[in-house]
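Only the coordinates and a few stated rules stand behind these numbers; no lab work does. Note that the structure is a prediction, hence the values are computed from the model and not measured. Every residue, glycine among them, receives a Cβ derived from its backbone with ideal geometry; neighbour counts consider all protein chains shown.
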Amino acid sequence: MPAPPSSPSGRALPSSQRGLLTERIARQLEHEIRSGEIAAGVKLPSERELAEQFAASRNVVREALRRLEAQHLIEVAPGRGSFVSEQNAGQASS
């Protein structure tokens with residue numbers, strides 16, 4: 001069984017805090033994609049870089065990226081990274 005997501009200090013976060021942080025990261029990236037700050041086809045920073053940027057664990061970042069992938073805002077290419085989807089970037093959120 002995988003270890004629960006933790007803070008950068010290594011302490012496990014309560015599930016409610018993990019969920020809030022995941023949501024905050026997903027919303028921030030979604031805003032940047034939809035507003036055009038991050039253009040279609042652009043590779044997102046690595047999970048490690050995003051974790052440092054948001055002061056979160058890689059597990060929390062990974063979950064936020066999964067949410068964006070489920071919304072078809074990004075495409076995850078294993079071993080290559082995460083890229084902003086061409087068809088949905090810049091569309092208004094519903």
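The table that follows gives values for the structure above.
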item	result
14 Å beta-carbon shell around SER82, net charge (K/R +1, D/E -1)	-1
Simple spin-label estimate for ARG80 and GLU23 in nanometres, 7 Å along Cα-Cβ	3.3 nm
Principal axis dimensions, segment 15-84 - Cα atoms, whole angstrom, descending	32, 26, 21
